[in-house]
Amino acid sequence: MPPKRAAPSKATASAAPTNAAQIAEQEDPTSLNPDGMSSSRTTHSREKLKLCEQIVLNHFGPVAAQIATVLLQRGRVSLKDLERFLGTATATRATRDADAVPPKSQILHTLLILVQHNVLFHIRLDADGSIIDDIDEPGGTEHFEINPEAILVRARFGTYMQQAERLWGQEVRRSCDYSQPRHFVH
Amino acid sequence: MQVSDLLAQMPSTSTSTRPLITHLLLSAYLMPSTLLSHISPRDVRIAYTNEERKKFKGIPGPKDLKTFEEAVKDRIARERAETRGEGYRQRDERDVGQAICGGGSGTANGKSKSTKKRKLAVDDGDEDDDNDSKRNRKKAGASSNASTPRATASWMKSLSESQKTRLDSVIVTDATYLRLNFDRFDVHIRDEVLYNLMSSIFNPTTAALYIKIVEAADARRSDEAQGAWPSVADRQSDLVSLTLLSSSLPSSMQLNKGFDKTMFMTLSTNNKPVTYDFVAEYVALLSRAEDITARSGAMNPGAGGEAALATSAIRYLIPGTTNTDVTTPTGSRVSSSCSVDFAAAGRKLKWNLLKQTVEGVFGETEARVLGVLRREGKLEEQHVSKLALLSLSDTREACERLFAASIIALQEIPKSSMRDPNRTFFLYYLDYPKALAWLSDRFHRAHARVAQRRDAERERYRTLLNKAQRTDVKTDGVDKVLSRVEVQRLKDCTDRLRLLTVAEARVERQSWVLSRMPM
């Protein structure tokens with residue numbers, strides 16, 4: 001019997017009213033469909049991860065691709081772990097040209113860019129796991145997690161800009177252009 | 001990205017830029033981005049659950065855990081709803097320089113920008129009024145002339161009245177951080193995809209009317225409540241009244257083209273069909289009004305295990321439950337309002353994709369076997385061969401190949417308590433979610449490979465492409481600066497790149513349909 005598609009536990013609202021669906025969609029604006037439509041949103045197959053790597057390489061450059069590879073394979077890592085994994089990362093496509101591990105400043109810069117583009121989730125947790133909200137409060141470790149759905153959406157940016165231009169003219173296209181600037185970190 | 005930074009980085013802004021950004025914000029194309037949106041949803045849930053647990057004294061039992069979950073859900077939903085309504089404030093005399101949709105003029109005034117804040121972590125976007133008091137820099141030269149800025153941009157003309165009044169009264173705050181709302185843009189992709197589907201099933205005129213109904217429902221949704229927007233996740237749209245629709249259709253739309261010429265010939269000349277009749281006729285067609293079994297409501301199954309219930313009789317429009325029924329010129333009765341069923345169209349699209357891919361990858365035999373299994377459920381090999389009108393050996397081969405690719409699955413039913421393979425029924429069935437997962441994986445792989453190939457091509461021709469980007473080549477033209485061989489190579493290269501880009505876009509669109517359209 002084909003298994004019933006249960007609503008994934010990540011979404012909160014039940015499938016019933018559309019308002020709830022919208023709120024839950026707002027919950028994870030770039031990920032799940034609360035109707036449980038496709039579990040492939042939460043589970044990421046190897047092919048999907050390879051595709052994400054490729055897109056990051058295209059859009060952000062080889063250093064970002066290196067970092068993204070580690071994050072995609074390892075999930076949520078802290079900064080120290082990230083450096084450690086980068087040091088021992090096996091050669092991938094991205095590292096063909098850049099052989100050395102990128103310096104720490106470059107890693108931080110790349111992480112900043114990825115966060116700015118909403119590709120990277122970041123959270124600062126203190127010792128017992130609660131979120132540190134205040135920027136200036138010292139201590140706690142910062143954890144990074146990549147958001148594969150946000151990367152896959154980037155492939156559609158061309159379509160979005162075309163739509164925007166069709167609806168609102170050149171100005172909007174330029175403003176959309178600038179809200180996703182391309183930064184290449186080499 | 002912050003609004004003030006956005007305005008600073010754009011090459012040219014006009015008086016209608018801010019209202020444009022406000023309009024985008026209000027109609028959910030842009031969303032305010034807060035600290036919460038930069039934290040993974042899983043982490044948020046875990047952290048909030050931990051907080052709830054700390055508040056609780058003692059060891060929580062299963063019921064308590066459930067209450068924690070509910071509390072966390074509500075909290076997250078509330079916070080999201082709050083951020084939705086932020087990012088803009090009421091217009092006041094500071095914003096007089098901005099273009100206004102409706103009336104109103106005023107004396108010019110300089111605009112001001114709030115201080116830029118750049119930090120490693122993104123700020124909270126909801127410090128509207130605080131930042132207004134922190135203005136310490138007036139935007140130089142921003143004062144417009146004394147002439148009234150009633151210049152309306154072209155996009156403003158298509159706004160509805162309520163949207164215009166809303167836009168007149170609020171404007172975006174400079175300090176807000178914005179992000180694109182991809183779901184809202186996806187709605188346009190969805191409309192395009194639906195148009196193509198309807199065009200292929202029926203004809204372009206029907207498709208055009210269908211899209212008009214979809215757009216009407218979307219417009220109604222975005223007009224209605226603040227915070228509601230038409231989303232791709234909607235399984236069914238809002239109700240659209242046919243009377244309102246037929247009066248708002250453009251006169252250039254020739255609805256009679258979609259029907260055969262002889263269809264309305266039997267009517268007397270007094271009863272010549274008008275737009276409303278045509279619309280009703282199309283709606284009757286799309287909602288299968290003549291199909292008696294449709295009325296029982298068993299036509300459009302919901303999500304879940306009823307994928308096997310698929311028949312070719314799908315209703316693309318669902319009639320509303322108003323009491324006023326309308327009779328079309330050809331005699332069918334149709335409700336005077338209808339809603340669009342996106343889930344039905346989504347199901348059909350996904351099935352079409354699966355079938356086409358299986359046919360392309362494996363062959364026609366396998367596609368037939370797949371179709372049979374989908375319709376019938378769990379079958380033995382002999383039954384499949386009978387229903388698919390194939391020989392047993394062909395069926396066996398096809399089933400094996402599909403099983404090896406894990407598109408179909410096997411169910412063993414032993415006849416006795418000893419699990420003897422000779423005395424077991426082996427039933428094949430289509431595991432639909434698994435099949436779609438296989439398909440989606442395939443698309444991702446194709447996408448990655450095409451992108452890789454494109455990179456490789458670009459790398460191969462890198463020097464030539466760089467040369468073509470030189471200013472002298474651009475100004476004088478390719479033919480003048482490059483040699484004949486180079487021109488030919490460049491043309492080959494650009495053709496190949498274009499083909500690859502098109503292929504990538506096509507694969508991307510297919511994987512979008514698979515992952516985003518509702519089931």
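The values are calculated or read from the model by the stated rules, or taken from the named source; none is laboratory data. Model, not experiment: these values are computed from the prediction. Don't worry about glycine lacking a Cβ; one is built from the backbone with ideal geometry, like all the others, and counts go over all protein chains shown.
What single numbered condition from (1) buried (at least 18 other Cβ atoms within 10 Å of the Cβ); (2) in contact (Cβ under 8 Å) with a residue 12 or more places away in the chain fails to hold for residue B:165?
Of (1) buried (at least 18 other Cβ atoms within 10 Å of the Cβ); (2) in contact (Cβ under 8 Å) with a residue 12 or more places away in the chain, only one is false for residue B:165: (1).
Would you say residue B:419 is more than 10 Å from chain A (Cβ to nearest Cβ) and not in a helix (DSSP H, G or I)? Break it down stepwise before answering.
On the way: more than 10 Å from chain A (Cβ to nearest Cβ): yes; not in a helix (DSSP H, G or I): yes.
So residue B:419 passes the test.
Is it true that some residue in region A:69-90 is facing another protein chain (nearest Cβ under 9 Å), under 30 Å from residue B:345 (Cβ atoms) and modelled with pLDDT of 50 or more?
Going residue by residue through region A:69-90, those that are facing another protein chain (nearest Cβ under 9 Å) are A:76.
Add one more test, that the residue is under 30 Å from residue B:345 (Cβ atoms), and what stays is none.
No, the conditions are met nowhere in region A:69-90.
State all residues of region A:151-186 that are modelled with pLDDT under 85 and under 25 Å from residue A:74 (Cα atoms); if no residue qualifies, say none.
Once the filter is applied, which keeps residues that are modelled with pLDDT under 85 and under 25 Å from residue A:74 (Cα atoms), region A:151-186 yields A:183, A:184, A:185, A:186.
Is it the case that some residue within region B:374-395 is β-branched (Val, Ile, Thr), part of a helix (DSSP H, G or I) and out of contact with any strand residue (DSSP E or B) (no Cβ under 6 Å at 6 or more places or on another chain)?
The first filter runs over region B:374-395 and keeps only residues β-branched (Val, Ile, Thr), leaving B:384, B:395.
Restricting the remaining residues to those that are part of a helix (DSSP H, G or I) gives B:384, B:395.
If we keep only those that are out of contact with any strand residue (DSSP E or B) (no Cβ under 6 Å at 6 or more places or on another chain) too, we end up with B:384, B:395.
Yes, region B:374-395 contains at least one residue that is β-branched (Val, Ile, Thr), part of a helix (DSSP H, G or I) and out of contact with any strand residue (DSSP E or B) (no Cβ under 6 Å at 6 or more places or on another chain).
Taking the criterion of being in contact with a helix residue (DSSP H, G or I) (Cβ under 9 Å, 6 or more places away or on another chain), among the polar types (S, T, N, Q) and at pLDDT 80 or above, would at least one residue in region A:122-140 satisfy it?
Initially, region A:122-140 is screened for residues in contact with a helix residue (DSSP H, G or I) (Cβ under 9 Å, 6 or more places away or on another chain), giving A:122-123, A:125, A:128-131, A:133.
With the extra rule that they be among the polar types (S, T, N, Q), the set shrinks to A:130.
Applying the additional criterion that residues be at pLDDT 80 or above yields none.
Checked region A:122-140: no residue is in contact with a helix residue (DSSP H, G or I) (Cβ under 9 Å, 6 or more places away or on another chain), among the polar types (S, T, N, Q) and at pLDDT 80 or above.
Which is in contact (Cβ under 8 Å) with a residue 12 or more places away in the chain and at positive phi, of B:346, B:371, B:331, B:377?
Working: B:346 fails: at positive phi; B:371 fails: at positive phi; B:331 fails: in contact (Cβ under 8 Å) with a residue 12 or more places away in the chain.
Among B:346, B:371, B:331, B:377, only B:377 is in contact (Cβ under 8 Å) with a residue 12 or more places away in the chain and at positive phi.
Take the residues in region B:177-197 that are more than 7 Å from chain A (Cβ to nearest Cβ) and aromatic (Phe, Trp, Tyr), then tell me which one is surrounded by the most Cβ atoms within 10 Å (Cβ to Cβ).
Per the criteria, the residue is B:177.
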